[in-house]
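Before any comments, here is the structure.
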Amino acid sequence: MKPTLGPTVLFDRQSEKRPDKEYMEALISAESSLFFVLAGDKPVVDSNEDRTRTSIHWFTGPEVTELGLALGEAIFLGLDPADGAAKFAVATSEHYARGAPQARDALKNRVEIRTLAAQGAMPQSELAFVAQAASLGHWHENNRCCGRCGGSTNVKQGGWKRKCWACGYETFPRVDPVVIMVITDGDNIVLAHEDRFPDKMYSTLAGYVEPGDDIEHAVRRETKEEVGLDVGEVKLLGSQPWPFPHSLMLGCVGHAEHKELVIDAAEIEQAAWYSREEAQAMLEGKHADELWLPGPQSMAHQLVKAWLAKEA
Ligand SMILES: [Zn+2]
């Protein structure tokens, strides 16, 4: 399996140094440190003319200040193994990028993460940065107030913690695990269409891991709830971060113990068994009824492909 958006190298995030305020401030003001700007889910990028190559646009600290963005709230991503330089992300809103007079021009070349992943023009090592920053950006946006007392929270530890000024409650970035699974009887798989999907798009089943679940239980529980199938053996095939807003996709294969489907109409509009030939045609966009699957940047695509290649 080759999921995108996940890290390609072990990047030194220096988590043990984050609580050292002076060290973090020195990194933020170091001349060699570089910052990229993320407006909502859109990083600011540089592209060649035909857009076959896209890369993150890096700003210096003084340039970030000129854009009217707060360096003190920059998210520390880590030290780049290539040159040892500290890399940061600065999260802002789409509204600011579009409207602030000092930022409008400098931030205008921004592209949505899903589009970048689908285009395949940005190296995966950079996409991983963007996914990491987007996840953290969403978390910051939704945690400006304390969940315990309602007071304001402040950014700490290079963007890896928020602390309430009133009661001292500390909160840390969250990750929401999601199981996504190809359910098979050996020769066929279950694919489903939900209301919210584009017309004729089908995908594998998926659902959030709930408190008390392990991965295998979450696969069996969600499959039973959504399509009424009992699942025996479950195997984890791979994983990838999915920063919308901060999920971790856990790609699994589950073996069905029977074939009778009982569909939960509240979640699923339609679900059925599909043969290898049909799944292949859906992946390639050649299905007789024009049914299709999400693109190669998605875990669903990679799971179906792995099953077709008999890796699952
Ligand atoms: Zn509080």
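The values are calculated or read from the model by the stated rules, or taken from the named source; none is laboratory data. Owing to the predicted nature of the structure, the values given are computational and were not obtained by experimental measurement. When we count neighbours, we look across all protein chains shown, and the Cβ atoms used for this are built from the backbone with ideal geometry, even at glycine. Accessible surface areas use protein heavy atoms only, side chains included; no ligands, DNA or RNA. Shrake-Rupley method; radii C 1.70, N 1.55, O 1.52, S 1.80 Å.
Close Cβ contacts (under 7 Å, 6 or more residues apart or on different chains) running from residues in segment 136-150 that are charged (D, E, K, R) to residues that are surrounded by fewer than 17 Cβ atoms within 10 Å (Cβ to Cβ) comprise Arg144/Ser152; Arg148/Cys167; Arg148/Tyr169. Picking from residues in segment 120-135 that are among the polar types (S, T, N, Q) and under 16 Å from Gly40 (Cβ atoms), the one that is nearest to the ligand (Cβ to nearest atom) is Ser135. Would you check if Asp185 is at pLDDT below 95 and open to solvent by 30 Å² or more (accessible area, probe 1.4 Å)? The answer is no for Asp185.
Scanning segment 145-178 for residues that are within 14 Å of the ligand (Cβ to nearest atom), hydrophobic (A, V, I, L, M, F, W, C) and assigned to a loop (DSSP other than H, G, I, E, B), we see that the one that is least open to solvent (accessible area, probe 1.4 Å) is Cys146. Within segment 261-272, not a single residue is touching a Lys or Arg at 6+ places or on another chain (Cβ under 6 Å) and not hydroxyl-bearing (Ser, Thr, Tyr). Report yes if Arg18 is open to solvent by 40 Å² or more (accessible area, probe 1.4 Å), within 26 Å of Phe172 (Cα to Cα) and touching a strand residue (DSSP E or B) at 6+ places or on another chain (Cβ under 9 Å), otherwise no. For Arg18, the condition - open to solvent by 40 Å² or more (accessible area, probe 1.4 Å), within 26 Å of Phe172 (Cα to Cα) and touching a strand residue (DSSP E or B) at 6+ places or on another chain (Cβ under 9 Å) - is not met. Every condition in (1) in a loop (DSSP other than H, G, I, E, B); (2) modelled with pLDDT under 95; (3) open to solvent by 20 Å² or more (accessible area, probe 1.4 Å) is met by Ile268 except one, and the failing one is (3). The one condition from (1) in contact with a strand residue (DSSP E or B) (Cβ under 7 Å, 6 or more places away or on another chain); (2) away from the ligand (no atom under 16 Å from the Cβ) that His138 does not meet is (1). The residue pairs whose first member lies in segment 165-181 and is at pLDDT 95 or above and among the hydrophobic types (A, V, I, L, M, F, W, C), whose second member is assigned to a strand (DSSP E or B) and within 16 Å of the ligand (Cβ to nearest atom), and whose beta carbons are closer than 9 Å, counting only pairs six or more residues apart or on different chains, are Trp165/Ser152; Trp165/Thr153; Trp165/Asn154; Ala166/Ser152; Phe172/Lys161; Phe172/Arg162. Criterion applied to Leu34, Leu79, Leu38, Leu27 was being open to solvent by 40 Å² or more (accessible area, probe 1.4 Å) and modelled with pLDDT of 90 or more, and the one residue passing it is Leu34. In this entry, Ile113 is excluded by the filter for residues that are free of Cβ contacts under 8 Å to residues at least 60 places away in the same chain, open to solvent by less than 60 Å² (accessible area, probe 1.4 Å), more than 16 Å from the ligand (Cβ to nearest atom) and farther than 28 Å from Glu22 by Cβ.
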